[in-house]
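Please treat every number below as a calculation from the coordinates, not as lab data. Bear in mind the structure is a predicted one, so any value in this text is a computation, not a measurement. Glycine gets a Cβ as well: all are built from the backbone with ideal geometry, and neighbour counts include every protein chain shown.
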Amino acid sequence: MTKEKTEKGTDKTDKLRHTINEGVLSVKEAAGVLGISIPTIYRLFDTQSLKNFHIGRRRLVSLPAINEFINNKEKGEI
């Protein structure tokens with residue numbers, strides 16, 4: 001089975017691993033990690049259920065925010 005390559009020739013999985021190792025995810029990456037849609041991510045932002053921040057025009061989600069969201073869901077707090 002061959003791995004899907006990006007335009008730069010790097011494996012997409014490796015790119016995601018690098019992003020995760022940096023501790024910050026884009027909206028699209030956060031949605032992928034949580035297995036939910038991008039509109040759902042924005043609804044979570046709007047209800048302040050998932051913490052996020054801006055750098056310039058980019059909206060980003062930290063890994064600790066993802067973990068906090070998951071823990072709160074498990075406890076039934078959101």
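A compact table of results
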read-out: Rough spin-label spacing in nm, given labels placed 7 Å along Cα→Cβ, for Arg58 and Asp14; value: 2.0 nm
read-out: Other-chain or far-sequence residues with amide H under 5 Å of Leu50's (modelled H); value: Phe45
read-out: Dipole magnitude (debye, nearest 20) for segment 17-75, charges at Cβ of Lys, Arg, Asp, Glu; value: 140 debye
read-out: Under 5 Å, built H, 5+ apart or other chain: amide partners of Leu25; value: Val61, Ser62, Leu63
read-out: Rg/Rh for segment 17-75, where both radii come from Cα atoms and Rh is the Kirkwood radius; value: 0.93
read-out: 3J(HN,Hα) from dihedral phi, segment 35-41, Karplus parametrisation 6.51/-1.76/1.60, rounded to Hz, x for glycine, proline; value: x, 10, 7, 4, x, 5, 4
